[in-house]
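The values are calculated or read from the model by the stated rules, or taken from the named source; none is laboratory data. Fair warning: this is a prediction, and the values are worked out from it, not measured in the lab. So basically every Cβ, Gly included, is an ideal-geometry build from the backbone, and we count neighbours across all protein chains shown. What goes into the accessible areas is simple: the full protein's heavy atoms, side chains included, and nothing from ligands, DNA or RNA. Shrake-Rupley method; radii C 1.70, N 1.55, O 1.52, S 1.80 Å.
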Amino acid sequence: MMRCFTLLLLLLLLLDTPSSTYSSVLPLCNHHDNSNLLQFKNSFSINPPLYNDWWWSAEMGIYCSSYPKIASWKNGTDCCEWDGVTCDTTSGHVIGLDLSCSMLEGEFHPNSTLFHVTHLQQLNLAFNNFSNSPIYPGIGNLMSLTHLNLSHSSFSSHIPSTISHLSKLLSLHLSYNYELTLDESTWSKLIGNTTNLEELVLDGVDMSSIRETSLSLLMNFSSSLLILSLYETGLHGKFPTRILGFPNLEELTLNDNEELKGELPESNWSSPLTILDLSNTAFSGEIPDSIGHLKSLNQLRLEYCQFDGLNPVSLWNLTQLTHLDLSGNRLHGPISKFSTYSLTSLSLSHNKFQGDFPNSIFEFLKYLTYLDMSSNDFSGLVNFSEFSKLENLIFLSVSNNKFLSTNINSNNVDYVLPNLGNLYFSSCSVTIFPPFLAKLQNLRNLDLSNNKIHGKIPNWFSDNLLYTWKSMNFIDLSFNQLQGDLPIPPNGTYYFAVSNNNFTGGIPSTLSLSTELILSHNHLSGTIPSMFCNATFLDALILSHNHLSGVIPQCLGALPDLTILDLQVNNLHGNIPTHFSQNYNFQTIKLNNNQLDGSLPRSLSNCIILEVLDLAENNIEDVFPSWLEGLQELQVLSLKANKFHGTITSFGAKHPFPKLRIFDVSNNKFSGPLSTSFFESFQGMKDLSNSTHHPRGLLYMHRSSGTAYNDSVVVIIKGQSTELVRILTTFTTIDLSNNMFEGEIPHVIGELSSLKGLNLSHNKISGTIPKTLENLTSLEWLDLSWNQLKGEIPMALTNLNFLAVLNLSENQLKGIIPIGEQFNTFQNNSYIGNPMLCGFPLSKSCDNDKEQPPSVFAEAKESLFGWKAVAVGYGCGVVFGMFLGRLFIKTAKPLWLARLLCGYT
C-alpha cells in the first residue's frame, strides 16, 4: 500500500512540472529576431478596413479575413508563439512571417528591422497599407527567402535591383501595387538569378519598359515554372509562344495587356495547363485543333483578342473545362455539338457564329450558371421553355442575334428558372411581355429592348417592381411598342430605360427612382415632377426626345451623384436650374432643342469635370460665358441658335478651355473682332496624333461609370446638319457662322492642326485669307462665305489634301483661282459672288497681260520668240558685214566709212 502511494506521488510530481521538460524540446525565439520584430511592430499602426473585414485574394484563391495579428506580439513573451510567426524547431530563428490581412498601416522605413531577420524563408505582407512606400534595397538582405508575397499593400516606385539577390526564390507575388514599376535591368537580373522560380505573379506592376528581347528571358524557367501571371502590366511586343509548351506550366495569365501580341502553338502544349487567360490582348490567328490536347484545362479565357477562323471541334471535348469565354473575336461558322457536362460558364458573344442555335446546350450543359450567346448570327426558332432545363442559370443573354426568333408562349408559365437574376433578351423578335417573369424572385437585370412587345405593361410586372424585386438594378424596355402608364422602378434601380415606345400617360406622381432613369424618345406629355429630386442616388437622368413641357425642377442641378442630365428635344421652358454645386459629378448636360430662356447660371462653372455642355436651339439671352473657360475637362460646347450677344473674350484663366474640341456658337448675335488669344488656348484642337493613338483603333467619348449612355451632338458637317450619335475623340470643329463678327481672321487659327471643320460664314470678317491656313492639314471643310474678305486666294491652300468642301462665295476676293489637288474638284458655287475672281471653274477667263501668271507654255513661247529675233538679227548682220567689207576693198575709203558708222575722227 505504501509503495503504491509513493509511486502515485512521484507520478503527480512529474505531471506537475511539464514545462521544463517540454522547453528542452522547443527552444525559445532567438532574442535578436524577437527584438527586431518588436521594433518592426512599433513602426506601424493598426487601422481596420473601411468597409469590411474580408479581402478576396486572387493569387491565394481564398477570402482573407482581416484581424490584427501583431496584437499578440508583446515584450517578454516568446516570439515563436506570436500570431503569424514560425520558428525553426532547432535554432529558434524566425523562418516564417505571415502578416497578410493584418490591418497594418504606415510607411515602410528604409532601415526597417525586418531586413535583419535574415533567416526568413517565407514572408507574406499582403493586404496591408504601407502608404505608397518603396520596396527598399534592404529586401535583398533576406537571401534565405523562398516565398515572398507583398501583394495588395500599396507599395510604389521602382522595384530595387537587390531583389535579384533572392536567388532561392520559388514564389514571388508583387501584384496589385499599381504604382510599382519593374524596369528592364532589374527584370533581367531577377530572371537571371532566380533560376528555380515556380510562381511569378506581378499583376498590375508597370512593366512597360521591358522589351520583347528581355521578355524572352522567361525561357530560363522552362523546367521550373508552374504559375505565370502578368495581368495588366503594360507588356508589348510578341510573347514567346514556346512558354505555352513548358512541361510543368499549370497557369498562364496575361490578360489586359492590349499591345501584347502572340499566337497559340500548333503543338507541344503544356499538358498540366489548367488556366489559360489571354483576354484583352492582341493575340491573333486561329485557335488550333491541338488545343484539344489540354485534357486538364479548367478555364480558357480568350475574350476580346483578335482570333479568327473556325472554332476547333476538339474544343468541345475538353471534359474538365468549367469556364469558356471566346467573346469579342472574329470567330465564325456553326457550333458543333457539345459533349461535356462540366461547363458552368460559357460566353461566345460578339463573334460571327452562325447556323441554328445549338440545342445541345440544353442536353449536356445542365450545370450552367452563366450563358452568353449574344451578338452573333444564330438563326432559327428557339422555344424559351427549353431554357427551363438549365435550372442553375443565374445569367442568360441571347440578345442581338438578328436571324434568331424566340417563342414565348403566353399560356404556359410552368417553366421557371428559380435562380435567374440576369435576363438579356434584346432584339429577339419577342412580341409579348414574358409571363414567366412573374414567378422570378431574384431578378436584378432585365433587357427586353429592341423587340416588338406591344400593349400595356401587365399589372403583375408593376407590382413586382414595387414589392418583389427590391434589388432590381437594370431595366431596359426601350424600342418596343408599349403604351399606357410608365412602370415605376424600385428603389434599387440604377438604370431604367423605356425609350422609343408609345407611352401616353404623364409621369405618375408616385414614381420613385434610385440611381438612373432613362425615359428618352417617348411620346410623353406633362411636366417633369419635382419628386425626381427625391432620388438622391440618381446617376443619370435622360428624358430626351419627348413632348415634356413645363419648367425644369430647380433641384435637379443639386442631386449629389448625378453625372448626366439629358433633357434634349422637348418643349421645356423657363430658366436653367441655378444651383450646380462643385461637389457634384456632372459629366454631361444636354438641354438643347427646348424653349429655355433667361441667362446662364454662373454655378455651371462649379461642374469641374463637365465634358459636354449642349444648350443649342433655345431662347437663352446672355453674353458669352467666358467664366466657363476654367472647366479643364470640357470637350464639347454648343451654344448655337440662341440669343447670345456681345464680344467673345478671355476671362483670364491660366489655361482656358484646354480640352475643347467642338466649339459651336453659330446663329447668335455675337459681334466684335475674333480674339487671337482665345484661339491660342485651344490645345485640344492642336496635334492629337500621339495622344489619341490606341492599339484597337478609333476611340469615342465614353462614360466612366460604364452605363449604356453615349454622348452625342448635332453639328454642321460639309454643309449638312449631322447628328454624331457617338463622338470620336479626334473630331474637332469650330463654327462661328451667322453672327456679326468683324476684323481679320486670326493667323493663330493655323496652329489648330487637328481641326477638321472651320465655319466662319455669314459674318462681317474682312482682310485677306491667312496663308497659315495651309497648316490645317486635317481640314475637311472650310466655309468663309458671306463675309468681306479681299485679296487673292492663297496658292498654299491647295496643299490641304483632305479638304472636301470649300465655300468662299459672296466675298470680295480677286485674282486667279488656284489650280491643283483638291481645288480641281470644287465647282462654281464655291466662288460665286466674287466678281473679281477668274479662272477654272468659273466661266470668266483671266487677262493674260495683267492677272494670269506666266505658264510653262507661255514661257516657252516667249523664249521661242526671243530666239527667232536673235537669229534674224544675226543673219542680217552677217550679210550687211559682208557688204561693207567688199565696199572697203573696192573704194579704198575705210576712213570715211568709219567716221560715218563709228564716229571715228
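Structure data summary
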{"item": "Carbon plus sulfur fraction of accessible area for segment 185-274, probe 1.4 Å, in percent", "result": "41"}
{"item": "Between segment 80-110 and segment 222-251, the alpha-carbon center distance in angstrom", "result": "31"}
{"item": "Shape call, segment 120-240: gyration tensor on alpha carbons, a/c limit 1.5", "result": "oblate"}
{"item": "Label-to-label distance, nm, for residues given as Ser222 and Asn132 (7 Å Cα→Cβ offset)", "result": "4.3"}
{"item": "Label-point separation in nm, Glu633 to Ser157, each point 7 Å along Cα→Cβ", "result": "3.1"}
{"item": "Net charge over other residues, Cβ less than 11 angstrom from the Cβ of Phe307 (K, R count +1; D, E count -1)", "result": "-3"}
{"item": "Segment Lys764-Ala653, length gained on full extension (0.36 nm per residue, minus Cα span)", "result": "37.1 nm"}
{"item": "Inter-label distance for Asn710 and Asp356, nm, one decimal - labels placed 7 Å from Cα along Cα-to-Cβ", "result": "3.5"}
{"item": "Whole-angstrom gap from segment 344-397 to segment 727-749, using each part's C-alpha centre", "result": "52"}
{"item": "Calculated FRET value between Asp83 and His454, using beta carbons and R₀ = 45 Å, to 0.05", "result": "0.10"}
{"item": "Segment 272-379 - accessible surface per residue (Å², probe 1.4 Å)", "result": "36"}
{"item": "Sulfur and carbon atoms: percent of accessible area, segment 448-501 [1.4 Å]", "result": "43"}
{"item": "DSSP-loop trypsin sites (Lys or Arg not before Pro) across segment 131-223, with at most 14 other Cβ within 10 angstrom", "result": "Arg211"}
{"item": "Sites Glu212 and Asp183, calculated FRET efficiency, Cβ-Cβ separation with R0 22 Å, nearest 0.05", "result": "0.90"}
{"item": "Efficiency of FRET from Cβ geometry, Asn42 and Glu107, R₀ 22 Å, rounded to 0.05", "result": "0.95"}
{"item": "Accessible area per residue, Å², segment 759-838 with all protein chains present, probe 1.4 Å", "result": "42"}
